[in-house]
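Encoded as C-alpha cells, the structure appears first; notes follow it.
The values are calculated or read from the model by the stated rules, or taken from the named source; none is laboratory data. All of these numbers come straight from a predicted model, not from anything done at the bench. Cβ sites come from the backbone with ideal geometry, for glycine too, and all protein chains shown count toward neighbours.
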Amino acid sequence: MTNYRDLATEFSLVFDLDGTLIDSAPDLQAAVNTVLSSHGLRRISMEETQAFIGDGMPKLCERALEATGGPAEILEVFYDAFKKRYMSAPAVKTKPMIAVRETLITAKGAAFAMGVCTNKSEPVAETILTELQLRPFFTDFVGAMPGRALKPDPEPLLLCAERIGTGDRRAVLIGDSIADVKAARNAHMPCILVRGGYTNTAPELLGADVVIDSFDHLFTALEQLAA
C-alpha cells in the first residue's frame, strides 16, 4: 500500500457529507414524502430530491413545498414534521459512497487530520456518521446549529479546519456541489469535487481545483495540488 504520510503533513482534509461521503437521498426523500403526503401533496422523485439537497434541511423542505404547490405559510410546520420523521430514521437506506470507507482507512493510516463540514443538522450528522461507522475516522465535524452560518459562508469550513488541528497544513475541502466550491473559495482553500453527487451542473464547470470520478482518485488529486 502506498504511503501518503508526506501528503498528510501538507494537507488536512475536510469532507462534505451528503453526496460526497454518503448517499443520503433515499432517507431524505422518504421523510419529505411522508410529510408531503400528510398535507395531500404529491411525492417528489429521487431526481428532485437530489436537486434539492445541499443548502440545509430547511431549504430542502422549502424547495419540496414549492415544487409540489404547497403553501409557503406551512413551511415551519412542514419542517418540524420533516425533522421529527427524518431524525427518527436517518440512516435506514443511507450508505457510504463508492470507495469512501477504503479511502478513509488509508487516510487514517497515513495520519491525515480529517473532519466533516456539512449543512445538515449537526446532531443528525453525528447520528449518521456513527450508525455508518464512519465517525472514528474524523477528529471533529461541524454541522448546522442555531446561529451558525451555512456553506457557502466560510465560517463552518474555517471552524472545522481549526477543530481538526490543521495548523501549518493546508486544509482542502472535498465536496460535490457549487456550495462547496464557493465555501472553499470564500475560505481561501483548495477544493476537490467528486462526481456522482447532488449537482445538476457538470462538476468540471463549477470551478473546483480538481475533479475526480470517485474516492479512488483522492490521493492522486492531492498530489496534483501539491505539485
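Which of the residues belonging to segment 180-205 are of a type outside the set (K, R) and more than 17 Å from Q50 (Cα to Cα)?
Narrowing segment 180-205 to residues of a type outside the set (K, R): 180-181, 183-184, 186-194, 196-205.
Result: V181, A183, A184, N186, A187, H188, M189, P190, C191, I192, E204, L205.
Considering only residues that are part of a loop (DSSP other than H, G, I, E, B) and of a type in the set (K, R), look in segment 16-59 and name the one that is surrounded by the most Cβ atoms within 10 Å (Cβ to Cβ). Show your work before the answer.
Pass one, segment 16-59, residues part of a loop (DSSP other than H, G, I, E, B): 16-17, 19-21, 24, 39-45, 53-56.
Those still in the list that are of a type in the set (K, R) too: 42-43.
On the way: R42: 12, R43: 15.
In this case the residue turns out to be R43.
So if I check each of P203, P156, P123, which one is surrounded by fewer than 21 Cβ atoms within 10 Å (Cβ to Cβ) and farther than 14 Å from L21 by Cα?
Numbers: P203 fails: surrounded by fewer than 21 Cβ atoms within 10 Å (Cβ to Cβ); P156 fails: surrounded by fewer than 21 Cβ atoms within 10 Å (Cβ to Cβ).
After ruling out the rest, the residue left standing is P123.
Looking at R63, R5, can you tell me which residue is among the charged types (D, E, K, R) and free of Cβ contacts under 8 Å to residues at least 24 places away in the same chain?
Values: R5 fails: free of Cβ contacts under 8 Å to residues at least 24 places away in the same chain.
Of the residues listed, the single one that is among the charged types (D, E, K, R) and free of Cβ contacts under 8 Å to residues at least 24 places away in the same chain is R63.
Among the residues of segment 137-149, how many are more than 14 Å from D180 (Cβ to Cβ) and either aliphatic (A, V, I, L, M) or touching a residue at least 24 places away in the same chain (Cβ under 8 Å) (or both)?
As a first pass, look at segment 137-149 and keep what is more than 14 Å from D180 (Cβ to Cβ): 137-141, 143-149.
Next, from what is left, pick out any that are either aliphatic (A, V, I, L, M) or touching a residue at least 24 places away in the same chain (Cβ under 8 Å) (or both): 137-141, 143-145, 149.
Qualifying residue count, segment 137-149: 9.
I98 versus (1) in the same structural domain as L193 (by TED's automatic domain parsing); (2) crowded, with 16+ Cβ neighbours inside 10 Å; (3) not in a strand (DSSP E or B): which is the lone unmet condition?
(2)
One line per residue, one yes/no per condition, for (1) touching a helix residue (DSSP H, G or I) at 6+ places or on another chain (Cβ under 7 Å); (2) part of a loop (DSSP other than H, G, I, E, B); (3) touching a residue at least 12 places away in the same chain (Cβ under 8 Å); (4) not small (G, A, S):
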{"residue": "K151", "(1), (2), (3), (4)": "yes, yes, yes, yes"}
{"residue": "T166", "(1), (2), (3), (4)": "no, yes, yes, yes"}
{"residue": "K182", "(1), (2), (3), (4)": "no, no, yes, yes"}
{"residue": "T199", "(1), (2), (3), (4)": "yes, yes, yes, yes"}
{"residue": "G207", "(1), (2), (3), (4)": "yes, yes, yes, no"}
{"residue": "L218", "(1), (2), (3), (4)": "yes, no, yes, yes"}
{"residue": "A221", "(1), (2), (3), (4)": "no, no, yes, no"}
